[in-house]
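What follows is a short report on a single structure.
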Amino acid sequence: MVEVKRICCIGAGYVGGPTCSVIAQMCPEVTVTVVDVNEDRIRAWNSDCLPIFEPGLQEVVDSCRDVNLFFSTDIDEAIKNADLVFISVNTPTKTFGIGKGRAADLKYIEACARRIADVSSGCKIVVEKSTVPVRAAESIRRIFNANTKSSLTFQVLSNPEFLAEGTAIADLKNPDRVLIGGDETPEGQHAIGALRRIYEHWVPKSKIITTNTWSSELSKLAANAFLAQRISSINSISALCEVTGADVEEVAHAIGTDQRIGSRFLKASVGFGGSCFQKDVLNLVYLCEALNLPEVARYWQQVIEINDYQRKRFSSRIISCLFNTVTDKKIALLGFAFKKNTGDTRESSSIYISRYLLEEGACLQIYDPKVKAEQIMQDLTQPTPSNRHDPDTVSRLVTIVTDPYKACENAHAIVICTEWDMFTELDYEKIYNAMLKPAFIFDGRRILDSLYDQLQHIGFQVETIGKRVNQRVNSFAARGSKSEMELQQSSKKIKL
């Protein structure tokens, strides 16, 4: 029976760091070492200011760091000493070459496999933790087989993560399931059993699912594709609601009470983001194309296209409401992370909306409680086919602020892109008094639903996703000011 006493995790990012911290806390007899080539990141993991924000993570790390949880840049030593090695490195979408824009780039996975093969001896269990395309384990196994020494044996497992950022610690401690895939040989089953016993320290046996390697890899892609599909489905309905006068929240509630459908992931918004959904759906599309399943590929491609459509539609609505021009107008963008309770901005809808507005010459004042200014500027200057802004232009048009009230000063509009709870508690009367009139709020996350009447009474023009908000025609006049449209109409009457 294989017994795991030492674990090495290659990659100290959003998956490797939290996952191995929880394993260390739940398995005090197991020594866990998380390694990374990024010295600054490892230095942060060893400090009181962790490199990622996740509720509850600091407490978990503090409870076992330097006891049985270690963070290091000595990758080779950690691999040599480990019984089990997690590969938790990034697998971004390829930006050039065959499969550009859809296929996963496995260069980091391959580099890890070669390094493990080079420095290892004895028996090693190597576990894919990163999201990888189907049959990636076979590629890893081929590298190992081609570099095998007489003193070395490997078993490759797939153990995809299903945690959600913002609730990662809760997800890890109380998972819906743990999925482990491996070979159906006796050696493969022994390796599955070894990893299974690690999770059995805190996960009920009934929640640990074992499959073959290929089923495990495909299950991860399929799970994220299904979740992304639900978001795109309700977002497509939100466009219909705005035209017909229905409320997408009421529609979502009505269909979500059907037990066959359920209520999860039926929240209309400016679109899904994060490191996994878009990447995994595109990966699935590429896989289907490569396997000559064009109809299946087109089906899943539509999930991505609806997400892009929702972002563009929301941005166009902002421009339309601001009298068809946002050039040189200050717009307060509240929230830059792809969701609340995380500082992760990967594929955030805020990036796309910001770029659309910058292309129109808008001046953005951006606030997010957890995203650093350097990260925001890096995201907005990252080269993409649709991004024509050089760093100087972005620096001129974008201001990063540390106070939401400061972001709204002299702004024409507020755009809420992340559902941070604090945005429901702001003093909107104070904000309104500091803005140019007419003052607009574009609620891209439907977090201000209960405040719409109050906001309109203050004087705001309110626009949201999936609902027509009946505007109070006399709200501005009651406060002794005229809207821009009223002034234009008065001018026309005088000329007549």
Taking the stretch 424-456, which residues are touching a Leu at 6+ places or on another chain (Cβ under 8 Å) and in contact (Cβ under 8 Å) with a residue 40 or more places away in the chain?
Phe440
Which members of the stretch 277-321 meet the condition of being in contact with a helix residue (DSSP H, G or I) (Cβ under 6 Å, 6 or more places away or on another chain) and under 19 Å from Glu419 (Cα atoms)?
Phe277, Asn307, Gln310, Arg311, Ser315
Take the stretch 375-387 and flag every residue that is under 18 Å from the mean Cα position of the chain (by Cα) and open to solvent by 50 Å² or more (accessible area, probe 1.4 Å).
Gln375, Gln378, Gln382
Just checking: which of the helices (runs of 4 or more DSSP H) contained wholly in the stretch 261-359 hold 2 or more residues that are crowded, with 24+ Cβ neighbours inside 10 Å and polar (S, T, N, Q)?
294-321, 349-359
Counting only residues that are closer than 18 Å to Asp183 by Cβ and among the small types (Gly, Ala, Ser), which one in the stretch 122-149 is most open to solvent (accessible area, probe 1.4 Å)?
Ala146
Odd one out for Val119 among (1) surrounded by 19 or more Cβ atoms within 10 Å (Cβ to Cβ); (2) of a type in the set (A, V, I, L, M); (3) touching a Lys or Arg at 6+ places or on another chain (Cβ under 7 Å)
(1)
Restricting the stretch 3-33 to residues that are within 22 Å of the chain's Cα centre (by Cα) and in a strand (DSSP E or B), the one farthest from Phe70 (Cα to Cα) turns out to be Ile10
One residue is enough: does the stretch 420-441 have a residue meeting the conditions in contact with a Ser or Thr (Cβ under 7 Å, 6 or more places away or on another chain) and at pLDDT 95 or above?
yes
Exception for Ala24 within (1) closer than 26 Å to Cys123 by Cβ; (2) modelled with pLDDT of 95 or more; (3) open to solvent by 10 Å² or more (accessible area, probe 1.4 Å) falls at (3)
Can you name every residue in the stretch 31-69 that is open to solvent by 60 Å² or more (accessible area, probe 1.4 Å), modelled with pLDDT under 95 and of a type in the set (Asp, Glu)?
Asp48
Could you check the stretch 190-208 and list, in sequence order, the residues that are surrounded by 14 or more Cβ atoms within 10 Å (Cβ to Cβ), without any contact (Cβ under 8 Å) to a residue 40 or more places away in the chain and not charged (D, E, K, R)?
Ile192, Tyr199, Val203, Ile208
Go through the stretch 274-319 and give me each residue that's in contact (Cβ under 8 Å) with a residue 24 or more places away in the chain and on the phi > 0 side of the Ramachandran plot.
Gly274
Among strands (runs of 3 or more DSSP E) entirely within the stretch 108-200, at least 2 residues that are in contact with an Asp or Glu (Cβ under 9 Å, 6 or more places away or on another chain) and of a type in the set (S, T, N, Q) occur in 152-158
So Gly256 passes all but one of these: (1) without any contact (Cβ under 8 Å) to a residue 60 or more places away in the chain; (2) under 20 Å from Ile447 (Cβ atoms); (3) within 16 Å of the chain's Cα centre (by Cα). Which condition number does it fail?
(3)
Tell me, yes or no, whether the stretch 70-82 has at least one residue that is charged (D, E, K, R) and open to solvent by less than 30 Å² (accessible area, probe 1.4 Å).
no
Looking at the stretch 173-189 only, could you name the residues that are open to solvent by less than 30 Å² (accessible area, probe 1.4 Å) and under 17 Å from Trp202 (Cβ atoms)?
Pro175, Val178, Leu179, Ile180
Within the stretch 83-108, tally of residues that are over 21 Å from the mean Cα position of the chain (by Cα) and under 28 Å from Glu184 (Cβ atoms):
4
Among the residues of the stretch 70-78, is there at least one that is free of Cβ contacts under 8 Å to residues at least 24 places away in the same chain and over 22 Å from Lys124 (Cβ atoms)?
no
Please enumerate the residues belonging to the stretch 218-250 that are among the polar types (S, T, N, Q) and either under 26 Å from the mean Cα position of the chain (by Cα) or not in a helix (DSSP H, G or I) (or both).
Ser219, Asn224, Gln229, Ser232, Ser233, Asn235, Ser236, Ser238
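In the set Gly256, Gly271, which member is modelled with pLDDT of 95 or more and at positive phi? Don't jump to the end; show me each part of the working.
Details: Gly256 fails: at positive phi.
Every option except Gly271 fails the conditions.
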If a residue has to be among the polar types (S, T, N, Q), within 21 Å of Glu360 (Cβ to Cβ) and open to solvent by less than 20 Å² (accessible area, probe 1.4 Å) to count, how many in the stretch 396-455 make the cut?
0
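The values are calculated or read from the model by the stated rules, or taken from the named source; none is laboratory data. Only a predicted model underlies this, so the values are computations on that prediction, with no experimental measurement involved. A quick note on method: Cβ atoms are made from the backbone with ideal geometry, for glycine too, and the neighbour counts reach across all protein chains shown. For the accessible areas, the whole protein counts, side chains as well, though only heavy atoms, and no ligand, DNA or RNA atoms are used. Shrake-Rupley method; radii C 1.70, N 1.55, O 1.52, S 1.80 Å.
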